[in-house]
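As structure tokens, the structure follows; a few thoughts come after it.
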Amino acid sequence: MKIRVLFTGLALAASAMLSQAQQLDVTVTNLTQGIYFTPILIGAHSDDVSLFSVGEQASSDLQAMAEGGSIAGLAEMLTMADGDVMENPAAGLLAPTMSTSTTLNTTDGNMYLSVVAMMLPTNDGFIGLNSWMIPSEPGTYTIMLNAYDAGTEANDEIINGGGAPGVAGIPFAPADNGGTGAMGVTMEEANGYIHIHRGNLGDDDLAGGKSDLDNTVHRWLNPVARITLVVN
């Protein structure tokens, strides 16, 4: 009985430590050669909130972010759930090899960290960290992020100004290094659930071919982003 009481007491103490307010210094680094990140959303929230789940269908707000870079819906969802939100710390696109940093002050109970941003140029690719438990112990922590496919749009790799949910195509290539006139890599998405992205295929014909993406610039391997988290 004494052991059980002691264990329960320690568990309650640990829970209290985890739920306390914290100051987080968050740095997001783009590890790719030629992919840009659209405005980044960083949020701390409780354990009953999730921006996405691998193997499940994307929400309409997740789709809007992954296809067109809009974080408004996801940010509103976090805010309505009493989350602590930081939007667009890079004040625009985050270029390859570049970093952006911000401070996020969390409130009691918001013990989980999530980060998302669309990858450009892709059809519905995004970087994602979902509900990562924030350590209670002060220190510096590194998290590597993979690229995910929202499963909401075929990866046709055609740059046509698309980006609205349900509208096929890629909005644009930020560095103006994409092609035109592609016929499309594919017109179907076999996996309609959130999954690890296969990566851009691209080709070497920027005046036609199957893809408007350059296979020497727009391809990548995971991980695609790094988060450096300082817990104060």
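The values are calculated or read from the model by the stated rules, or taken from the named source; none is laboratory data. Please read these numbers as outputs of a predicted model, since none were measured by experiment. Counting neighbours? That spans all protein chains shown, and the Cβs are built from the backbone with ideal geometry, glycine included.
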Mind listing whichever residues of segment 115-137 are out of contact with any helix residue (DSSP H, G or I) (no Cβ under 8 Å at 6 or more places or on another chain) and among the hydroxyl-bearing types (S, T, Y)?
T122, S131
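Could we say that D108 is more than 24 Å from A91 (Cβ to Cβ) and surrounded by fewer than 23 Cβ atoms within 10 Å (Cβ to Cβ) here?
yes
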Restricting attention to segment 208-232, which residues are without any contact (Cβ under 8 Å) to a residue 40 or more places away in the chain and farther than 30 Å from W132 by Cβ?
G208, G209, N215, T216
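Is it the case that segment 90-100 has a residue that's in a strand (DSSP E or B) and closer than 15 Å to G163 by Cβ? Let's see the steps before the verdict.
Restricting attention to segment 90-100, the residues satisfying the condition of being in a strand (DSSP E or B) are 94, 99-100.
Filter once more, keeping what is closer than 15 Å to G163 by Cβ: none.
Within segment 90-100, none of the residues are in a strand (DSSP E or B) and closer than 15 Å to G163 by Cβ.
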From the list M118, M133, exactly one residue is under 17 Å from G34 (Cβ atoms) and either modelled with pLDDT of 95 or more or of a type in the set (D, E, K, R) (or both). Which is it?
M118
G92 fails exactly one of the following numbered conditions: (1) at pLDDT 95 or above; (2) farther than 24 Å from T32 by Cα; (3) out of contact with any strand residue (DSSP E or B) (no Cβ under 9 Å at 6 or more places or on another chain). What is the number of that condition?
(2)
Residues that are touching a residue at least 60 places away in the same chain (Cβ under 8 Å), in a strand (DSSP E or B) and not hydrophobic (A, V, I, L, M, F, W, C): does segment 191-207 have at least one?
yes
Inter-residue pairs, beta-carbon under 6 Å, first within 26 Å of G166 (Cβ to Cβ) and in segment 121-148, second small (G, A, S) and not in a strand (DSSP E or B), 6+ apart
P121/A173; P121/G178; D124/A66; D124/A150; F126/A66
Select from segment 105-154 the residues that are over 21 Å from M65 (Cα atoms) and either assigned to a strand (DSSP E or B) or in contact with a Gly (Cβ under 7 Å, 6 or more places away or on another chain) (or both) and list them in ascending order.
N105, N110, M133, G139, T140, Y141, T142, I143
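Given the criteria under 30 Å from Q20 (Cβ atoms), buried (at least 19 other Cβ atoms within 10 Å of the Cβ), out of contact with any Cys (no Cβ under 9 Å at 6 or more places or on another chain) and in contact (Cβ under 8 Å) with a residue 24 or more places away in the chain, does I158 qualify? I'd like the intermediate steps shown before the answer.
Working: under 30 Å from Q20 (Cβ atoms): no; buried (at least 19 other Cβ atoms within 10 Å of the Cβ): yes; out of contact with any Cys (no Cβ under 9 Å at 6 or more places or on another chain): yes; in contact (Cβ under 8 Å) with a residue 24 or more places away in the chain: yes.
No.
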Checking G151 against (1) in contact with a His (Cβ under 7 Å, 6 or more places away or on another chain); (2) more than 24 Å from G73 (Cα to Cα); (3) not acidic (D, E), which test does it fail?
(2)
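Do you know which residues across segment 11-68 are part of a strand (DSSP E or B) and either touching a Phe, Trp or Tyr at 6+ places or on another chain (Cβ under 6 Å) or at pLDDT below 95 (or both)? Reasoning before the result, please.
Step one: filter segment 11-68 for residues part of a strand (DSSP E or B), giving 23-30, 36-37, 41-45.
Within segment 11-68, N30, H45 meet the criteria.
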Look through V185, V167 and report the one residue that is surrounded by fewer than 23 Cβ atoms within 10 Å (Cβ to Cβ), assigned to a loop (DSSP other than H, G, I, E, B), modelled with pLDDT under 95 and at negative phi.
V167
